[in-house]
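Here the structure is laid out as structure tokens; the discussion comes afterwards.
The values are calculated or read from the model by the stated rules, or taken from the named source; none is laboratory data. Quick caveat, the model's predicted, so the values are computed rather than measured. Neighbour counts are summed over all protein chains in view; Cβ atoms, including those assigned to glycine, are modelled from backbone coordinates with ideal geometry. Each accessible area value is taken on the protein alone, full model and side chains, heavy atoms only, with ligands, DNA and RNA left out. Shrake-Rupley method; radii C 1.70, N 1.55, O 1.52, S 1.80 Å.
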Amino acid sequence: MKPTILDCTKEELSRAITPSFRAKQIFKWVYAQYVDDFNAMNNLPQSLRHTLSERYAIMPLRILKKEISRDGTIKYLFALRDGKTIESVLLRMKAAQYDSDGQLVHHAKYTVCVSTQVGCKVGCAFCLTAKGGFTRDLSCGEIVAQVLALKKDNNIAAERRLNIVYMGMGEPLDNLQNLAKAITVFSDEDGLAIATKRQTVSTSGLSSQIDRLGAMNLGVHIAISLHAVDDTLRSELIPMNKAHNIASIIEAVRRFPIDTRKRVMFEYLMIKGKNDDRRSAKKLVTLLHGIKAKVNLIYFNPYEGTPYERPDKHSMVAFQEYLIAHGLLCTIRDSKGIDISAACGQLKEKENQEIA
Ligand code: SAH
Ligand code: SF4
């Protein structure tokens, strides 16, 4: 199978072709014009178009299924070239913007949630992605293609900036090399131009990999899927916690290079009767003491066969109020797209059930 051109950083491409300045033009065709045929790149010489077609493919995935939620969230199921499937989600939020006359015009703010692996090795007890086990890492091009395909499918103008969250299927830090490369390709000014500060890597807490990501100094944000304040419960929910316990994660976060104006996000999945009590809230405050943190409370999204339950709104709000009263920033994630199987892995799982 030919490599895809989305696997190349601009520097790599300029080394691979002559003259090297053509790499910039190719990036513009692919990422700003959404062209997926080298022959259509009409400012390139015929011979180069031919060489490129011989050597590279462009899109390594195609849309298999799409679900549109009432709130505008769109969830995609993509088929990769080997037939494996992954999910991505396009979230739209209303953001106030002003036109050149100072008039208020509402503009959607886009965030794309991308996958980094087919399946996942971490095996969290509450996560549907974990149920299917681990199949393989995504290549850089397969990560990049998700955003490109979503922009193209929704006719989002090339110059519209969007945010990326690595919160789809898989553990991003378990595929660090390809992740880092994708972050670089995304941020290329001649490509999608998504600044690294607009990209957030969500991790289940591989503390040694948090250090490695930090050492790369890419400028991305991190979000930690904490979900529990004591190691016994966290190890039940996230088995890998035995090797990378809460203390080791907190230490790694303290070492992570963070933009001084920003905060580290801690995700806290609320499960009824497990971690939604006052004692846990109190312990969370102690644990995050001295860290510029922001807590995002997430409702557990149930699926068939899970022993866990969604908490009620009252305990969610009480938890939030306790944290805020004790000086922490805390938001409740609105259940965007809850009517379209929003939690990671759920669309894919549905597809498997329909096929079976
Ligand atoms: N592997 C990374 C990123 C992908 S998971 C991580 O774990 O952080 C993205 C988020 O979805 C995580 O915070 C995860 O805890 C959450 N999630 C998984 N299953 C869920 C469910 N059933 N309901 C709500 N959130 C879920
Ligand atoms: Fe993997 Fe994240 Fe799901 Fe855990 S929650 S199994 S780390 S994708």
Starting from region 312-330, keep only residues that are on the phi > 0 side of the Ramachandran plot, then list their pairs with residues that are open to solvent by less than 40 Å² (accessible area, probe 1.4 Å) and modelled with pLDDT of 95 or more whose Cβ atoms are within a distance under 9 Å, requiring at least 6 positions of separation or different chains. Gly327/Val285
Quickly run through region 48-61 and pick out the residues that are open to solvent by 30 Å² or more (accessible area, probe 1.4 Å) and touching a residue at least 60 places away in the same chain (Cβ under 8 Å). Met59
If the requirement is being at pLDDT 95 or above, open to solvent by 20 Å² or more (accessible area, probe 1.4 Å) and under 18 Å from the mean Cα position of the chain (by Cα), which of these qualifies: Asp137, Asp153? Asp137
I'm trying to understand the selection: among the residues of region 223-246, which are within 13 Å of ligand 2 (Cβ to nearest atom) and either open to solvent by less than 20 Å² (accessible area, probe 1.4 Å) or not in a helix (DSSP H, G or I) (or both)? Ala223, Ile224, Ser225, Leu226, His227, Ala228, Arg234, Leu237, Ile238, Asn241, His244
Residues in region 272-302 that are within 16 Å of ligand 1 (Cβ to nearest atom), more than 21 Å from the chain's Cα centre (by Cα) and in a loop (DSSP other than H, G, I, E, B) total 5
Conditions: (1) of a type in the set (A, V, I, L, M); (2) away from ligand 1 (no atom under 16 Å from the Cβ); (3) in contact with a Ser or Thr (Cβ under 7 Å, 6 or more places away or on another chain). Ile258 meets all but one. Number of the miss? (3)
Suppose we keep only residues that are in contact with an Asp or Glu (Cβ under 9 Å, 6 or more places away or on another chain) and closer than 13 Å to Glu171 by Cβ within region 115-130. Which one would you say is farthest from ligand 2 (Cβ to nearest atom)? Val118
What tally of residues in region 247-268 results from selecting those that are open to solvent by 60 Å² or more (accessible area, probe 1.4 Å) and more than 21 Å from the chain's Cα centre (by Cα)? 5
